[in-house]
Amino acid sequence: MSTVSYYTAEGLKKLRDELDQLKSIERPKASAAIAEARDKGDLSENAEYDAAKEAQGLLELKISKMEELVSNARLIDESQLDLSKALVLSTVKIKNQANGTTMTYTLVAESEADLKSGKISVTSPIGKGLLGKSVGEVAEITVPNGTLKFEVLEISRA
């Protein structure tokens, strides 16, 4: 059973672009590599042909998985989101109560997570802990090295 994944317009476009790249550029390259290897003679002892066929098989598997992702992707309608709670696409400013440091994260779908740009997945421990919280609430989040307490300072939309 496939699971539904939620994407921003940007994330869904990126996924579709990658799928188009695989289908329109990588697939013909794989076919050309097989044809070139086939032209080199006896297929029973042709390692290059075997490698090209295996690469094509892996590419087709990747295309198949990405097509499934795209077919189960749902676009998030930002106008329907509750602005008072931390939800997907919320930018949340939090304060670590143990050491006083403040951090700002944008909660996104797992496939769009990128810690360097401040985007954390709603399926990560911190992301899960922040979901549904309002400004002023304290989220107790269990992480691998203990429990952290974060106070929600501010919630906005990206």
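Sort the following peptides by mean Cβ neighbour count (other Cβ atoms within 10 Å, averaged over residues), highest first: 135-148, 10-23.
Put in order of decreasing packing, that is 10-23, 135-148.
Of [x] 1.48; [y] 1.05; [z] 1.41, which is the value of Cα Rg over 2.2 N^0.38 Å derived from the coordinates here?
[x]
In the chain, what % of DSSP beta bridges are antiparallel (nearest 5)?
In the chain, DSSP labels about 75 percent of beta bridges as antiparallel.
Tell me which residues come under 5 Å, amide H to amide H, from K119 once H is placed; ignore anything under 5 positions away on its chain.
For K119, whose amide H was placed from the backbone, the distant partners under 5 Å are T106, D114.
Multiply the residue gap between D20 and E68 by 0.36 nm, knock off their C-alpha separation, and tell me the result in nm, one decimal place.
In short, 15.9 nm is gained.
May I ask you to derive the FRET efficiency for V138 and K29 from their Cβ-Cβ distance with R0 = 35 Å, giving the value to the nearest 0.05?
So, using R0 = 35 Å, E works out to roughly 0.05.
Near K149, which lysines are there with a Cα under 23 Å away, not counting those fewer than 8 places off in the same chain?
Hits, sequence-local ones excluded: K85, K93, K95, K116, K119, K128, K133.
Taking all protein chains as present, what is the carbon and sulfur share of the accessible area of the chain, in % to the nearest whole number, probe 1.4 Å?
52 percent
Under the 0.36 nm per residue contour assumption, what length would be gained going from the current alpha-carbon distance of A51 and S156 to full extension?
32.7 nm
Counting just the Cα atoms, what span does the range 76-158 cover along each of its three principal axes? Round to the nearest Å and put the largest first.
Ordered largest first, the range 76-158 gives principal extents of 35, 26, 18 Å.
Mind checking the angle between helix 47-71 and the chain's longest principal axis? C-alpha axes, 0 to 90 degrees, to the nearest 10.
Once rounded, one gets 40 degrees.
Give the separation of the Cα centroids, the range 106-139 to the range 56-72, in Å.
27 Å
By a straight-distance test (C-alpha under 19 Å), which lysines pair with K40 as possible cross-link partners, with residues fewer than eight away in the same chain excluded?
K29, K53
The values are calculated or read from the model by the stated rules, or taken from the named source; none is laboratory data. Computed from a prediction, not measured in an experiment: that's the story for all the values here. As a convention, Cβ positions derive from the backbone with ideal geometry for all residues, glycine included, and neighbour counts pool all protein chains shown. For the accessible areas, the whole protein counts, side chains as well, though only heavy atoms, and no ligand, DNA or RNA atoms are used. Shrake-Rupley method; radii C 1.70, N 1.55, O 1.52, S 1.80 Å.
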